[in-house]
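What follows is a short report on a single structure.
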Amino acid sequence: MGLTPNIERLRGSKNMFETFPLWPVQASTIAGQLDLLYVFLLLLSLVTCTAIFTTITVFAIKYRRRHGREAEQIHGSIILEIAWSVIPLGIFLVIFAWGAIIYFHERTPPRDSTEIYTVAKQWMWKFQHPEGQREINELHVPVGRDVKLILTSQDVIHSFYVPAFRIKQDVLPGRYVTAWFRATKPGTYHLFCAEYCGTMHSGMLGQIVVMDPSDYQTWLATSRTFGSLAAAGQSQFEQLGCPTCHRFETQGRGPTLNGVYGNPVTLEDGRTVIADENYIRESVLNPGAKIVSGFKNIMPVFQGLVDEEQMNELVAYVKSLSVPPAGSAGNPTLIPPGTQPQHPKE
Amino acid sequence: MAEHEHILSARLYVIIWAVLMCLTVITAGVAFIDLGPFNTVVALVIATFKALLVVLIFMHVKYTSDRLTKTVILSALFWLMLLLGLSLMDYGTRHFV
Amino acid sequence: MSDSLIALEHPTELQHHFADMEQQKSTSTFGMWLFLGTEIMFFGGMFAAYLIYRRWYYNEFALGSRSINIWLGTINTMVLICSSLTVALGVRAAQMGKRKLLVTLLLITMVFGVAFLGIKGVEWYQKYEEHHVPGSSFNASDLVSVGQKYGVHINQAHSQIYFSLYFALTGLHALHMVVGLGIFTVLTYFAWKGKYTPEYHTPIEIGGLYWHFVDIVWIYLFPLLYLIDRKPFH
Amino acid sequence: MATAVVTTERENYINSEYGIRSWLLTTDHKRIALLYLLSITFFFFIGGFFALLIRLELLTPAGDLVQADTYNKLFTMHGQIMVFFFLIPSIPAVLGNFLVPMMIGAKDLAFPRINLLSWYLYIFGGCMMLHCIVTGGVDTGWTFYTPFSTAFTNTKVIEAGLSIFIVGFSSILTGLNFVVSIHRMRAPGLTWSRLPLFLWSIYATSIIFLLGTPVLAITLLLLIFERAFHLGIFDPTRGGDPLLFQHLFWFYSHPAVYIMILPAMGVVSEIIPCFSRKRVFGYSFVAMSSIAIAVFGFLVWAHHMFVAGISLYSALFFSILSYLVAVPSAVKVFNWTATMYKGSISFSTPMLYALGFIGLFTIGGLTGLFLAALGFDVHVTDTYFVIAHFHYIMVGGAVMGYLGGLHFWWPKISGRMYPEAWGRLAAAIVFIGFNLTFFPQFILGYMGMPRRYWQYPPEFQVLNVFSTAGSTILAVGYLLPMIYMLWSLRYGKIAGDNPWGAAGLEWKTASPPPTFNFDETPEVTWEAYNYDEIPMPEEVSLER
Ligand code: HEA
Ligand code: HEA
Ligand code: CUA
Ligand SMILES: [Cu+2]
């Protein structure tokens, strides 16, 4: 791969005035909320700046130095000091609360989002759809569906940024982080890498293609699939020999993985943790870190044996063994090779 | 300066030294007894006590009339707590939500 | 203004920009205390790392700590405490103007300091032989098997983090000791020359503050690095 | 002209001794200040030169002027030089060094030799940085984020880190000197409540130097070890946490932004009363707000990490505290404004810079509030919005404050007046060029243009062209003062001891001051800013 994989994307138009927007497109549910806050902040700043600058200008003119007029010595005023500390503080707290509400919204994906696994690496984006489609530097999503991205990086820190959606999330190596959005408008939008990641940081571009649901169905149907992610995970699971210990009818040498995801797990040292994606990831890559109560620490370390994409498949598979709502609407569920109650597909 | 400069007795220094030595032995010994999570607590309490003795007596802080010295020590410790406390706060709450 | 004039009305040790000895002395000690304050923050960054990884990788920290020779650690703590005593007594000797005693105590202090570094060296050498020095030759498989014996899983990479912090903390501390020895060499020289009097011995005092501070750092490093978990396994 | 007077000139710190040695081995705080002035100016122009190259590259969307790697090195070295080798030392080490002893009525700083040592540390670190640049440079961004800096880049991270480590000690020692001097060496009668506000802000800055910089030092040391020996402390593949690096880095680097702005606020708090002929409105509030900024500034660092993967709760915590720390800044702005009320205002160059400071700092600060709003930051973090925010504060605020202070005290430093008309012209050019450079970047940022981009989508070009155009105007604005100030050294009008009719002990001695500042230790019997007792010379007022 050359150093400038995406340079063509940058050379679209001929004249710089051909496109000269001053406001980013709104293409997600959050965009509108954020723009509202922005407008509020702009107005607030405008008012504050006008007030301060006008006052200064008026003083500068009215009290400019003239013969025969001395400055009047005024030492201060406690009331004013209190007023201009408390009032701004009040305004600041409003901004804080508003920003916090949006942030809270941004950080809590709706329960039944479609989960797309994303791996960032120098300098490209790889996406794994639950239905098995894989994409590089391009992500197709339908309008109106909640999409949760489960992101990880293979090397350095990157950042998943779609200005049209007003979302951004740093993508860290060695750990899953999540982000979510619901697209509202069909179109093709920039995907930027926003955290500096080396030579081609500015070339680590992608496109988010938002489609009408029907177009999306066609796209799904026509694009190559590698079997659903969970199914791929299942075959990984078998190839890596996990079933020798993790059986489904009974507790084997290892705990059964049915219903693990999304539920609390009691650990050997008495703590309980919720089994989220990061927990599953850690259980495989570094099993000794958290030992399930009642089990011995015999599970081999898989660090270095599975790469990020395989890891994602395994996680998707283990997750598919749990009953919704912890699972996700978009994810086709597998029938586990055991007796766990099955749930209907989407 | 000389008029209010404290010259402490050599005996006091030796006593403090003896206490510090004993505490060192105790802290090493206690580590071998299983106190559960309290092992760490005990070790740190002893260490803090030792440090206090050194600061107050050997470094004469107990005898200085200068409040500034104490302010400097306390604020440095306070800032250390900020660094440790606020960064640990992030680590401690990452698993929430 | 000629220098000789100043010299007439000022004691020789008084620098030109101070009004009197008292101001000069309180200024210098205050400066040293502030410096020690910054030192706390300097070590603080590593303590933050230590705390976080100790919480994450407790087993590795515990076994790593076990693998360090507690005897050497304890003895070294004692050596440092002894040196602190001699420093404190040295300051006292300076206050009383006992030149010979002062020089002797400073020399003993330095002997203790060198002994500390020597023992430290032995300890590091042991770690080197056990391949516990972080870097390309790091190997903690011995800890892994100890862990297996007791049913704890040891991840070698995480052991390396423990040893990195161990070497960083003790190394930086040792560096402070070396600097301290340098300071004390100079102090001893001037003390021997009879520069310090009951009226003027600020350098001894602030040198002493520095030494005690380095001692205090060790007082914390000892339990944090050596005593994480020494209790018998069940 | 004035040159005829030379023979009868009084002995002062400049002509008391001659020869290179007398400068390189000096322990006189004023000479050290001049040494700093020279070295800092040098680094400013290097950093500015890199900025111009950055701007030129960004003139077109495609990366065509330099290679991608070169570009990455450009902004890294621009940031590192501007922050660590120019702005952090600027006001403290130049104006602070020159003025602190004089303002407290002392002959020198508490530890003159340590003061010289900190200049040598600065130079040593600076040479190392230059060597690093010449032999290849660094490309990590000024923030050195791991694991890129420790395990992926093949540039000279260790050398750059060491050089910053070393200047860090220069800062620590300078701060130490200031705190000790202000505590222990004030002239009789100069109580805390009579301290000029510049000293309050230098004092607050020094607190940050003392308590923050050591953390940066140890962080860089760990970074260097990590890179050299792959210890794993910051490396996720070895169990380390890259966010730990960010926590430690910002623990220092957020307070460091207050290191950059507080001294400038101090300068403004001196200039405005002088040119309004009034006592500062709410003296004690302005003084205390400096301390409050220094202290609370340590509580907000993770607002640089809102999308970095910190916990939701600490994000909320650090966001709300960011708003608390903004209150004292607001208090300052309001008090400065109120100081002008019923004053008798004239508009010499320093005053123009001070007014420019208020305007641009307010805009920069307000956009800081935007960034501290969690949800909002998610969209604009790591975009040009952030770039615009901090250039508004650091260039529009701090550099303006620095230039204002330099003009204000130039007569004291050099004994000559700078040419007033040129001064005002340059101030206007800087102001215009600045806004043209950085205002478009707010829009760019909100549109989504990420920072540290060597090439960018074409729809961002128009605004980038504005920005580049502005930066060339800015360059002219910065070159002018350098030229006319050098010119004034020889041809400038001889300044009196107190050409502005300013309050403050530094104006009570000769210009340039004698080596030991005062012939005899002054005794202070008046409050700060007693402008009712000092007339302003006619020349200043007539010149408007
Ligand atoms: C001198 C430097 C300086 C100063 C003083 C500040 C001051 C502030 N900064 Fe800034 N900041 C930087 C330099 C500075 N900053 C730099 C260099 C970066 C980027 C680093 C990097 O990533 O490379 C940055 C980044 C940065 C971020 C992270 C952005 C990101 O990367 O996502 C945030 C987020 O909260 C922030 C917030 C603030 C706030 C709230 C203040 C406050 O202190 C501002 C307070 C001032 C005011 C508020 C104005 C005056 C007030 C009034 C006039 C009151 C009236 C107002 C009302 C009533 C509404 N800054
Ligand atoms: C104190 C701090 C400071 C100062 C003063 C400046 C000053 C300027 N900065 Fe800087 N800037 C930073 C601190 C600062 N910057 C930091 C911390 C970053 C982040 C880096 C990172 O991402 O890691 C940054 C990043 C940054 C970027 C973003 C790069 C990117 O993300 O891709 C840009 C782009 O426009 C920019 C522009 C400018 C400009 C035009 C100036 C102008 O104000 C400069 C004007 C000065 C001159 C133009 C000098 C004039 C001199 C000459 C004309 C002569 C030159 C000739 C010789 C030396 C022989 N800066
Ligand atoms: Cu990936 Cu920047
Ligand atoms: Cu900040």
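Order these by the 10 Å Cβ neighbour count, fewest first: D:Ile387, D:Ile293, A:Ile79.
Working: D:Ile387 20, D:Ile293 25, A:Ile79 8.
Fewest to most other Cβ atoms nearby, the residues stand as A:Ile79, D:Ile387, D:Ile293.
So for each of A:227-233, D:370-376 I average, over its residues, the number of other beta carbons within 10 Å; can you give me the resulting order with the highest mean first?
Values: A:227-233: 22.0, D:370-376: 25.4.
Packing proxy ranking, top to bottom: D:370-376, A:227-233.
Determine, from the Cβ-Cβ distance of B:Val45 and A:Arg271 and an R0 of 25 Å, the FRET efficiency 1/(1 + (r/R0)^6), rounded to the nearest 0.05.
Working: r = 25 Å, r/R0 = 1.00.
Efficiency, rounded to the nearest 0.05: 0.50.
Using the number of other C-beta atoms within 10 angstrom as an exposure proxy, rank C:Cys82, D:Cys274, A:Cys245 with the fewest first.
Listing C:Cys82, D:Cys274, A:Cys245 from fewest to most nearby Cβ atoms yields A:Cys245, C:Cys82, D:Cys274.
Once you list every other residue whose beta carbon is under 15 Å from the beta carbon of D:Leu199, what net charge do they have if Lys and Arg are +1 and Asp and Glu are -1?
Values: positive: D:Arg184, D:Arg186, D:Arg194; negative: D:Glu270, D:Glu506, D:Glu527.
Net of charged neighbours comes to 0.
As a check on your grasp of the helix formula, calculate [θ] at 222 nm for chain A: sum -39500 (n - 2.57) over DSSP H runs of n ≥ 4, divide by the residue count, round to the nearest 500. Walk me through the numbers on the way to the answer.
On the way: 7 runs with 111 residues, N = 346.
Result for chain A: -10500 deg cm²/dmol, rounded to the nearest 500.
Using Cα centres only, tell me the gap between the range A:193-257 and the range C:173-196 in whole Å.
Here the two parts' Cα centres lie 65 Å apart.
Compute from the Cα atoms of the range D:342-493 the Rg and the Dmax, the latter being the longest Cα-Cα distance, and quote both in angstrom.
17.7, 56
Could you give me D for the range A:103-226, from Stokes-Einstein at 37 °C and 0.692 mPa s, where the hydrodynamic radius is the Kirkwood radius over C-alpha pairs? Units µm² s⁻¹, please.
Numbers: Rh = 14.5 Å.
Rounded to a whole number, D works out at 227 µm²/s.
Which cross-chain or sequence-distant (5 or more) residues have an amide H under 5 Å from the amide H of D:Arg416, H modelled 1.01 Å from N in plane?
HN-HN under 5 Å from D:Arg416: D:Ala495.
Nothing charged except the Cβ atoms of Lys and Arg (+1) and of Asp and Glu (-1): what's the magnitude of the dipole of the range A:229-320 about its Cα centre? Round to the nearest 20 debye. Don't skip to the answer; put the middle values down first.
Details: 7 positive and 11 negative charges, 75 e Å.
Rounded to the nearest 20 debye, it is 360 debye.
Roughly how compact is the range A:229-320, stated as its Cα Rg over 2.2 N^0.38 Å to two decimals?
Working: Rg = 12.2 Å, N = 92, 2.2 N^0.38 = 12.3 Å.
Dividing the Cα radius of gyration by 2.2 N^0.38 Å gives 0.99.
Mind checking the mean number of beta-carbon atoms from other chains within 10 Å of the Cβ atoms in D:216-223?
Details: counts 3, 4, 11, 4, 1, 5, 6, 0.
For this peptide, the per-residue mean of nearby foreign Cβ atoms is 4.
Can you compute the radius of gyration and Dmax for the range D:234-316, using only the Cα atoms, both in Å?
18.3, 63
Compare the Cα positions of D:Tyr456, B:Phe49, D:Pro419 along the charge dipole of the protein assembly as shown (+1 at Cβ of Lys, Arg; -1 at Cβ of Asp, Glu; about the Cα centre) and return the one farthest towards the positive end.
Checked the options; the winner is B:Phe49.
For the range D:28-542, treating each Cα as an identical point scatterer without solvent, what Debye log10 I(q)/I(0) comes out at q = 0.12, 0.13 1/Å?
Relative scattering, expressed as log10 I(q)/I(0), comes to -1.11, -1.31.
Which percent, to the nearest 5, of DSSP beta bridges fully inside the protein assembly as shown are antiparallel? Walk me through the intermediate numbers first.
Details: 34 of 49 bridges.
Approximately 70 percent, going by the DSSP bridge assignments.
Gap in Å between the Cα centre of the range C:103-142 and the Cα centre of the range D:116-161?
Taking the Cα centre of the range C:103-142 as reference, the centre of the range D:116-161 is 31 Å away.
Could you list A:Val265, C:Val152, C:Val179 in order of exposure, starting from the residue whose Cβ has the fewest other Cβ atoms within 10 Å? Don't skip to the answer; put the middle values down first.
Working: A:Val265 17, C:Val152 20, C:Val179 12.
Ranked by crowding around the Cβ, least crowded first: C:Val179, A:Val265, C:Val152.
Could you compute the FRET efficiency for A:Lys185 and A:Thr225, with r as their C-beta to C-beta distance and R0 at 41 Å, rounded to 0.05? Mind dumping the intermediate values first?
On the way: r = 26 Å, r/R0 = 0.64.
With a Förster radius of 41 Å, E is 0.95.
If the convex hull of the alpha-carbon atoms of chain C is projected onto planes in all directions, what is the mean projected area in square nanometres? Could the numbers behind the result be given before it?
Details: hull surface 61.2 nm².
Average projection, Cα convex hull of chain C: 15.3 nm².
Would you grab the residues whose amide H sits under 5 Å from the one on A:Gln207? Only those 5+ places off in sequence or on another chain, please, with H modelled 1.01 Å from N.
For A:Gln207, the qualifying residues are A:Glu138, A:Leu139, A:Leu191.
How many percent of the alpha carbon pairs in the protein assembly as shown exceed a separation of 59 Å? Don't skip to the end; give the middle numbers.
Values: 137457 of 744810 pairs.
So the pairs more than 59 Å apart make up 18 percent of the total in the protein assembly as shown.
Given +1 on the Cβ of Lys and Arg, -1 on the Cβ of Asp and Glu, and no further charges, what dipole in debye does chain D carry about its Cα centre, rounded to the nearest 20? Working shown, then result.
Working: 28 positive and 29 negative charges, 58 e Å.
Taking the Cα centre of chain D as origin, the dipole is about 280 debye.
Ratio of Rg to Rh for the range B:9-61, alpha carbon only, Kirkwood? Before the final figure, lay out each step's value.
Numbers: Rg = 12.7 Å, Rh = 11.8 Å.
Ratio value, two decimals: 1.07.
Give me the dipole magnitude in Debye, nearest 20, for the protein assembly as shown about the Cα centre, with unit charges on the beta carbon: positive for Lys and Arg, negative for Asp and Glu. Kindly include the intermediate steps, with their values, before the conclusion.
Values: 78 positive and 79 negative charges, 173 e Å.
Value, rounded to 20: 840 debye.
I need the P(r) histogram for chain B: all alpha carbon pairs, bin width 5 Å from 0 out to the longest distance, whole percents.
P(r) over chain B, rounded to whole percents: 2, 10, 14, 15, 15, 16, 12, 7, 4, 3, 1, 1, 0.
Below 8 Å, C-alpha to C-alpha, sequence gap of six or more: please give me the relative contact order for the range D:130-256 in percent. Let's see the in-between values first.
Values: 130 pairs, mean separation 39.4, N = 127.
Value for the range D:130-256: 31 percent.
Determine ³J(HN,Hα), in whole Hz, for all residues of the range D:53-58 in sequence, where each value follows from phi through the Karplus function 6.51 cos²θ - 1.76 cosθ + 1.60 and θ = phi - 60°; x replaces Gly and Pro.
Karplus-based 3J(HN,Hα) across the range D:53-58 equals 5, 4, 5, 5, 4, 7 Hz.
Using θ = phi - 60° and the Karplus form 6.51 cos²θ - 1.76 cosθ + 1.60, what ³J(HN,Hα) does each residue of the range C:79-91 get, whole Hz, x for Gly and Pro?
4, 5, 5, 4, 5, 5, 4, 5, 5, 4, 5, x, 4
In whole Hz, what ³J(HN,Hα) sequence does the range B:12-19 give by Karplus (6.51, -1.76, 1.60; θ = phi - 60°), x for Gly and Pro?
With the stated coefficients, the range B:12-19 comes to 4, 4, 5, 4, 4, 4, 4, 4 Hz.
Mind pulling the angle between the C-alpha long axis of helix D:461-491 and the longest principal axis of chain D? Nearest 10 degrees, somewhere in 0 to 90.
30 degrees
Can you flag which of B:Lys50/B:Lys70; C:Lys98/C:Lys193; B:Lys70/D:Lys332; D:Lys107/D:Lys412; A:Lys126/A:Lys148; D:Lys107/D:Lys508 are past 21 Å Cα-Cα?
B:Lys70/D:Lys332
Once the Cα atoms of helix D:157-184 and of chain D are each reduced to a long axis, what angle between those two axes, in degrees from 0 to 90 to the nearest 10, is obtained?
On a 0 to 90 degree scale, this one is about 30.
Which whole-number percent gives the relative contact order of chain A, counting Cα pairs below 8 Å spaced six or more residues apart? Don't skip to the answer; put the middle values down first.
Working: 574 pairs, mean separation 55.8, N = 346.
Taking the mean separation of contacting Cα pairs over the length of chain A, I get 16 percent.
What would the Debye equation give as log₁₀ I(q)/I(0) for the range D:129-234 at q = 0.13 Å⁻¹, counting only Cα atoms as equal point scatterers?
Per q value, in the given order, log10 I(q)/I(0) is -0.59.
Percent antiparallel among DSSP beta bridges with both residues in the range A:40-180, to the nearest 5? Kindly include the intermediate steps, with their values, before the conclusion.
Details: 17 of 25 bridges.
For the range A:40-180, the DSSP antiparallel bridge percentage is about 70.
Over chain A, what is the percentage of antiparallel beta bridges among all DSSP beta bridges, to the nearest 5? Show your work: numbers first, answer last.
Working: 32 of 46 bridges.
Percent antiparallel among DSSP bridges in chain A is about 70.
Could you tally the net charge around C:Gly121, taking each other residue with its Cβ under 14 Å from the Cβ of C:Gly121, Lys/Arg +1 and Asp/Glu -1?
Values: positive: C:Lys120, C:Lys127; negative: C:Glu123, C:Glu129.
Result for the local shell: 0.
Using the Kirkwood radius over C-alpha pairs as Rh, can you work out the diffusion coefficient of the range D:253-392 via Stokes-Einstein at 25 °C, viscosity 0.890 mPa s, in µm² per second?
The diffusion coefficient I find is 154 µm²/s.
Report, by chain and number, residues whose modeled amide H sits under 5 Å from the one on A:Gln133, excluding near sequence neighbours (fewer than 5 apart, same chain).
A:Phe226
At 25 °C and 0.890 mPa s, grab the translational diffusion coefficient of chain A from Stokes-Einstein with a Kirkwood Rh over Cα pairs, rounded to a whole number in µm² per second.
Values: Rh = 23.8 Å.
In µm²/s, the coefficient rounds to 103.
Kindly express, to the nearest 10 degrees and within the range 0 to 90, the angle between helix D:349-372's C-alpha long axis and the longest C-alpha principal axis of chain D.
Compared with the principal axis, the helix lies near 30 degrees.
None of the figures in this text is laboratory data; all of them are computed from the coordinates on show. This structure is a prediction, so every number in the text was calculated from the model and none was measured. Heads up, the Cβs are rebuilt from the backbone with ideal geometry, glycines too, and the neighbour counts pull from every protein chain shown.
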